[in-house]
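Beneath this line is the structure, given in structure tokens, with notes to follow.
A short reminder: the numbers here are calculations on the coordinates, not readings from a lab. The model shown is predicted, which means the values in this text are computed figures rather than measured ones. Glycine also receives a Cβ, built like all others from the backbone with ideal geometry; neighbour counts cover every protein chain displayed.
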Amino acid sequence: MLDFLRQEGIDESLITRIEQYRKDYPVAEGDRIRIPSPKFKYFGSYIWKLAITAILSGENILLVGPKATGKNVFAENLSAVFGRPEWDVSFYLNTDASSLIGTDTFKNGEVSFRKGPIYACAEAGGFGVLDEINMAKNESLAVLHATLDFRRIIDVPGYSRIRLDPATRFIATMNYGYAGTRELNEALASRFMVINMPIISGEDLEKLLREQYPTLKAEYAAQLTALFGEIRKKCESSEISTKALDLRGLLAAVTLVYNGLTMRDALNIAVINKSFDEFERTLVEDIVAARIDGKLSREEIFVSEKA
Ligand SMILES: Nc1ncnc2c1ncn2[C@@H]1O[C@H](COP(=O)(O)OP(=O)(O)O)[C@@H](O)[C@H]1O
Ligand SMILES: [Mg+2]
């Protein structure tokens, strides 16, 4: 991963400090299994620089952006780069203090405290990924205020308070820019460094396609990148909604073609059909048809692996 950061153009001085961080905060044997080895790499050197510097400065970060901007991939990449065990917590409307911090349980007639993910992460010097943090009710997250600010403690009612291990950081994510998004209140937002996650650039998308599909021919990587750029333009000019601007879908389409579908069928189920509005779907179909030959199949877009 550190070599990847060098390729991305991250300053050697930051890389040295990451190495120092890993030395200063060794991970307990039993937690090593939680250190991720990411399947996907995050491309975007500016975002890397912001996040690494914030983490080295002791800050927690909040990744904000539209869907499929790599928020979760990036959070996992950060845990891997810093060599931290990771705890993932998905937030939803009914997320409450006990599901985060822990709760009393009865075992053999005795009460004992069962640690929640935030507690376990805090003790272990882990990175806690607070996924879609805005989906929870702000009031139920008040228990995290002292955890996320300079106090760095968890107060467990009825038990003692614990101090966060110095290596512990929290990385929250938040989808922003579609209907149904809840706001995060000021009290919570002020406890994070907020990083706006951009939609991947054309240059980085070509890198990503080459990395994830090494046998995809360069010409088709370029065509798919151009298609994504075109859909993005139509979204920006509000001709279509952002439903079809779905990088996750575009990548899935490439896999579908690899597994035997034609380009048309693959793009239909992975991208086009995400527009449920008839009129919009037709528009997206036209954008796709103008850029990409629907009859293309695996034999044409991938180099043969037989050789
Ligand atoms: N800048 C990027 N670098 C690498 N992969 C990206 C990037 N942006 C999006 N992706 C890809 O998009 C897909 C969705 O990523 P994910 O982290 O689940 O998005 P989010 O959490 O923002 O909705 C993944 O396949 C990921 O590799
Ligand atoms: Mg996500």
Cα-Cα separations in the stretch 202-301 greater than 18 Å, expressed as whole percent: 40
D (Stokes-Einstein, µm²/s), Kirkwood Cα radius, the chain, 1.002 mPa s at 20 °C: 100
Given LYS49/LYS233; LYS49/LYS217; LYS71/LYS137; LYS274/LYS295; LYS49/LYS115; LYS49/LYS71, the pairs whose alpha carbons are separated by over 25 Å: LYS49/LYS233; LYS49/LYS217; LYS49/LYS115
Percent RCO, i.e. relative contact order, over the stretch 202-301, from Cα pairs under 8 Å lying at least 6 residues apart: 30
Relative packing of peptides 238-246, 52-60 - highest average C-beta neighbours within 10 Å first: 238-246, 52-60
Expected 222 nm ellipticity per residue - DSSP helices of 4 or more, -39500 (n - 2.57), all of the chain, to 500: -12500 deg cm²/dmol
Order of ASP88, ASP277 under a 10 Å beta carbon neighbour criterion, fewest first: ASP277, ASP88
Whole-number percent relative contact order across the chain, with pairs defined as alpha carbons under 8 Å at least 6 apart: 17
For the stretch 89-164 versus the stretch 231-307, the gap between their alpha-carbon centres in whole angstrom: 42
ARG163 paired with SER112, simple spin-label distance in nm, labels 7 Å along Cα-to-beta-carbon: 2.7
Per-residue HN-Hα couplings for the stretch 295-301 [Karplus 6.51, -1.76, 1.60; θ = phi - 60°; Hz; x = Gly/Pro]: 7, 4, 9, 3, 4, 7, 8
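Give me the number: length gained by fully extending GLU219 to ALA187, i.e. 0.36 nm times residue separation minus the C-alpha to C-alpha distance, one decimal in nm. Walk me through the numbers before you get to the answer.
Numbers: separation 32, 0.36 × 32 = 11.52 nm, distance 4.88 nm.
Full-extension gain reported as 6.6 nm.
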Kirkwood Rh in Å, taken over the stretch 71-193 so that all alpha-carbon pairs contribute: 15.1
FRET efficiency for ALA142 and ASP265, using Cβ-Cβ distance with R0 set to 41 Å, rounded to 0.05: 0.25
Under 11 Å from the ARG291 label point (7 Å along Cα→beta-carbon), backbone N, the stretch 238-263: 245-247, 250
Mean Cβ count within 10 Å, highest first, over the residues of peptides 31-42, 121-132: 121-132, 31-42
Loop-located chymotrypsin sites (Phe, Trp or Tyr not before Pro) in the stretch 201-307, at most 15 other Cβ atoms within 10 Å (DSSP): PHE276
